[in-house]
Amino acid sequence: MDADLKMSVKQLNFFYDKFKALENISLDFYAGHVTALIGPSGCGKSTFLRCLNRMNDLIPKSRVEGKILLDNEDIYDCAVNVATLRSRIGMVFQKPNPFPKTIFENVAYGLRVNGIKDKTLIADRVTESLNQAALWDEVKDRIYDSALELSGGQQQRLCIARALAIKPEVILMDEPASALDPIATQKIEELIHQLKKMFTIIIVTHNMQQAARVSDITAFFYMGKLIETDKTDTLFTRPKLKQTEDYITGRFG
Amino acid sequence: MTKTDVKKPITEQLALPHIKYRKFKQTIFFALFRFAALINGTALAIILFFLLKNGYKAINWTFLTQPPIDSMTKGGILPCIVGTLYLSLGAIAISLPIGIASAIYLNEYAGSGRVLRIIRLGINNLAGVPSVVFGLFGLAFFVIYLKMGVSILAGALTLGLLSLPVIIGATEEALKTVPETYREASLGLGATKLQTIFRVVLPCAMPGILTGAILGISRAAGETAPIMFTAAVFFTPDLPSSIFDEIMALPYHIYVLSTAGTEIEATRPLQYGTSLVLIVLVFGMNLAAILLRARLRKRMHI
């Protein structure tokens, strides 16, 4: 791989209490690339994603072993401020979850909690982020209306805009299109394509066509283990392992 | 038992009496449920009707704006109205912050453990303590031990304690209805837990918390036992000038007039009139809170 290494996971184990959900995972993520995490339900891909911005810290009795490096610094180091880390690694969730606030306030939220008070700066960033998320034209006349009045697809793009507003370096997407119809899904995929120039994107998806369409690198998870990872073209056309081939051809999972 | 024919649809094989019986049972139960629901409305209607019928004659401008005169057989109840307002507002001012803070701790911060179980047990039992016990506690602790004397402060503190479990319960319920995804979204944007609570969770839960406050204030306003030892006196024509003053209060005034007054029979209209004022006052506070809640909901875009 000739691109810049952005994040690097080294021998990661994750436990829910005594249950080992992830086993010995090592995986690199490159700047300007989209990495797709695929695998059947319960294979640990979402758990893995949530380790990357320490969202799993919220789960009682969970435990992490191993290292996750962001720009060569371990994010699980005790000196790391979790809130600051999460403002560097944005997240888009499976179901659109805008706050019950106005469209403007949704996008401004991340800026406000990170201490930005300058009103013109906030207004500029809101406009810019909504533009980046390809939502501006649809909402520019009603940015002071409730975000909950938007359609599901618009809500999800709003959530992406909200994540973009604080200029994260990495964006984690947890099945961002699974709750959306095909047209809204297509818009999200086009958006991912646009955004990868500026961000490192890691996306969990159930949909293998989607992984093939949007990603540069694909990692296949099964039963808490990373089975195979390769360039997306290679993985989908010439998988090295039989297990991977069975999954991508739909023979199981 | 007859064997059922697998080929026929099941509805054709059901015994007709069984179908009829099921329908009958359903009708009976629905009627019972409806009756139970109706009792609530009827009870309120009867109480209001009774109070209005017996009390409306007592209500006039003098009654609402003057202190009692002639051994409380004539005159008004202004000191009682003011006293009850002060006590209720004081109680809510004390219990709302403590109640909300406790509920936030229990719901957002505390993990599971023995300490938490003990705290919860404490709250549940606090809710079950009879109000007269609160009154005695207030007398022993606030009035005597902390030397507050019989005063608005001691009464408001006692009533505040009394309404605390209601407010904690309602706030916890309200916090539980805030979707976890809001918290995740906020944390995912780099907000701290405290920022998440103040900027997302509490605003979302506020309408529900207000409902708790309504319940709390209603209960506090109407209680007699907790204030009879701690705040209220038999008679004082002056309006309070500080929180260390003793006061008259509507529930206690009703109690006094109807059990210990000089002319119990002659003051019946005054007793009903006072009750009517108390009920209207409580309804008024509820209404204000309901309107506030509706406005919050609208502003929150829910």
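Tell me which lysines have Cα within less than 29 Å of B:Lys57's Cα, excluding those fewer than 8 residues away on the same chain? Reachable lysines: B:Lys74.
Anything over 20 Å Cα to Cα? Flag those among A:Lys117/A:Lys197; A:Lys197/B:Lys193; A:Lys101/A:Lys140, in the order listed. Beyond 20 Å between Cα atoms: A:Lys117/A:Lys197; A:Lys197/B:Lys193.
Given all pairs of different Cα atoms, what value in angstroms does the Kirkwood hydrodynamic radius of region B:146-302 take? The partial results should precede the final answer.
Details: mean 1/r = 0.0549 Å⁻¹.
In region B:146-302 this quantity evaluates to 18.2 Å.
List the lysines whose Cα lies under 20 Å from the Cα of A:Lys10, skipping any in the same chain that are fewer than 8 positions away. Cross-link targets: A:Lys20, A:Lys45, A:Lys67, A:Lys225, A:Lys231.
Checking the Cα-Cα distances for A:Lys167/A:Lys242; A:Lys167/A:Lys187; A:Lys196/A:Lys240 against a 31 Å cut-off, the pairs over it are A:Lys167/A:Lys242.
Against the empirical 2.2 N^0.38 Å (N residues), chain A has a Cα radius of gyration ratio of 1.01. Ordering A:Lys95, B:Lys7 by the number of other Cβ atoms within 10 Å of each residue's own Cβ, fewest first, gives B:Lys7, A:Lys95. Let me know the longest stretch in chain B that avoids all chymotrypsin sites (Phe, Trp or Tyr not before Pro) found in a DSSP loop with at most 15 other C-beta atoms within 10 Å. Excluding the exposed sites themselves, the longest stretch runs over B:1-233. Residues whose amide H lies under 5 Å from that of B:Ala191, counting only those 5 or more places away or on a different chain, are absent; hydrogens are built 1.01 Å from N in the peptide plane. With Cα atoms defining each centre, region A:88-136 and region B:196-275 are spaced 47 Å apart in the structure.
With the charge dipole of region A:78-172 set up from +1 on Lys and Arg Cβ and -1 on Asp and Glu Cβ about the Cα centre, the Cα lying farthest toward the positive end among the listed residues A:Ile171, A:Thr102, A:Cys78 is that of A:Cys78. Straight-line cross-link partners of A:Lys18 among the aspartates and glutamates, defined as a Cα under 15 Å from its Cα and at least 8 positions apart when in the same chain: A:Glu65. Residues whose amide H comes within less than 5 Å of that of B:Gln66, counting only those at least five positions distant or on another chain, are B:Gly76, B:Ile77, B:Leu78 (H built at 1.01 Å from N in the peptide plane).
Determine the sum of side-chain charges near B:Asp238: Lys and Arg each +1, Asp and Glu each -1, restricted to other residues whose C-beta is under 11 angstrom from that of B:Asp238. Net charge around B:Asp238: -2. Couplings 3J(HN,Hα) of region A:216-233, computed from phi: 9, 10, 10, 10, 9, 9, 8, 6, x, 10, 8, 7, 8, 9, 6, 4, 4, 4 Hz, in residue order, whole Hz [Karplus 6.51 cos²θ - 1.76 cosθ + 1.60, θ = phi - 60°; x for Gly and Pro].
In this structure the amide hydrogen of A:Asp28, modeled in the peptide plane, comes within under 5 Å of the amide hydrogens of A:Val9, none closer than 5 places in sequence on its chain.
The charge dipole of the protein assembly as shown, taken about the Cα centre with unit charges on the Cβ atoms of Lys, Arg (+1) and Asp, Glu (-1), comes to about 1400 debye, rounded to the nearest 20.
Coordinate-derived values only; no laboratory data. Note that this is a predicted model, so its numbers are computed, not measured. Every residue, glycine as well, gets a Cβ built from its backbone with ideal geometry; the counts of neighbours run over all protein chains shown.
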